[in-house]
1. Straight-line reach from residue 240: which aspartates and glutamates have Cα under 13 Å away, leaving out those fewer than 8 places along the same chain?
2. Which angle from 0 to 90°, rounded to the nearest 10, does the C-alpha axis of helix 49-71 make with the longest principal axis of the chain?
3. Note the full-extension length gain between residue 239 and residue 7 as 0.36 nm times their separation in residues minus their Cα-Cα distance, in nm to one decimal.
4. Run lengths n ≥ 4 of DSSP H only: what is the helix-derived mean residue ellipticity at 222 nm for the chain, with -39500 (n - 2.57) per run over all residues, to the nearest 500?
5. Among residues other than residue 96 whose Cβ falls under 15 Å from its Cβ, what is the net charge (Lys/Arg +1, Asp/Glu -1)?
6. Using only Cα atoms, tell me the angle between helix 284-297 and the longest principal axis of the chain; keep it within 0 to 90° and round to the nearest 10.
7. Work out the length of the dipole vector of segment 109-158 about its Cα centre, built from +1 on the beta-carbon of each Lys and Arg and -1 on the beta-carbon of each Asp and Glu, and round it to the nearest 20 debye.
8. Please state the shape class of the chain: rounded when a/c is under 1.5, otherwise prolate if a/b exceeds b/c and oblate if not, all from the C-alpha gyration tensor.
Amino acid sequence: MNILTKDITILAIESSCDDTSAAVLKDRKVLSNITANQVIHEEYGGVVPELASRAHQKNIVPVVNKAIKEAKIDMKDIDAIAFTRGPGLLGSLIVGTSFAKSFALALNLPLIDVNHMEGHILAHFIKSEDIKNPPFPFLCLTVSGGHTQIVKINSPYDFELLGETIDDAAGEAFDKAAKTLGLPYPGGPLVDKAAAKGNPNKFHFPEPKIEGINFSFSGLKTSLLYFVQKEIKKDENFIKNNMDDICASYQHAIIKHLLGKIKRVLKDTGIKHLAIAGGVSANSGLRNALQELSNKQKFKLYIPKFEYCTDNAAMIGIVGYYKFLEKDFVNQNITPTARFKINTKI
Ligand code: KG4
Ligand code: ZN
């Protein structure tokens, strides 16, 4: 196959957590991107790994079929299968990996393993009319339900991890707070919505004190819990009566912590291009605060399209595209890895 003259069609599979997703990309263009969200976890206030694996098993065939149908391609048009190898829940990763391996074997296609975090970052390179790609090197703040990282990206193949959370991820800080406030999982979007109507300076949550450019969010969640427990003793309707202000003040503390570290990395590296990625990059308060900072400090901010912020297979497909160009394929011995470090092969 001559990759210089032919478009590359990739079928991508994402199953690292609680969303089963399949996408078809022609070069950097998304032809389809189908995601089945698992509502089953709502009633448990968080993702239950065993239930997630079972739901992936149920969803994967219909989701892939739909992605192929919507892309209006034929099976024989597919040049390679890309799949999320990690990081994520092992049981969930096994479903996507096994499916991708079987598919590749049956159709005699190359197989490409993808790091989920690299997918979140390279989602910025999905072809789009209205979004500009960041130039190399750029910085990326990846904030999701499982990770909080600041990465320097030197090329589509070279990622340098500069800092990360030492405990909970930013998304977990949102989701755990939502649980304390009686909101369903995933709580991030609900806290965001309530925060938009509240006063961010009404209540005070202490900013985490962490050396260097790492993050910590577990103390914040605990301080919210103790605060709410104390206030409920005085007024049993405290949460209901103050929901918007609690969410605004708590979200403000998360954003302040993220921004403090971002300012430092921008200064230390001198890089003037900052991208954001991952589910929490959908947060309107964070987007507004970063936009304001970028106007003030004269760096360029790159925000992905909403549908490519949270987990999706299109972002796995774009990494697959770049790896295809390098013929960076794996064989049938490949196994998923729950703790897949960025920029590594193991
Ligand atoms: O990237 P993602 O879809 O999955 C992981 O790889 O973890 O991120 C999911 C996380 C959840 O914690 C969810 O609550 C959070 O992203 N999230 C938000 C918003 N939308 C999603 N957090 C705050 N504000 C939002 N608007
Ligand atoms: Zn993710």
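1. 231
2. Once rounded, one gets 50 degrees.
3. Full extension from residue 239 to residue 7 adds 78.0 nm.
4. Computed ellipticity for the chain at 222 nm equals -13500 deg cm²/dmol.
5. Counting the neighbours of residue 96, the net charge comes to -1.
6. Taking Cα atoms only, the helix is inclined about 90 degrees.
7. For this selection, approximately 120 debye.
8. Working: a/c = 2.17, a/b = 1.53, b/c = 1.42.
Taking the square roots of the gyration eigenvalues as a ≥ b ≥ c, the chain is prolate.
FYI, it's all coordinate maths here, none of it is from the lab. All of these numbers come straight from a predicted model, not from anything done at the bench. Heads up, the Cβs are rebuilt from the backbone with ideal geometry, glycines too, and the neighbour counts pull from every protein chain shown.
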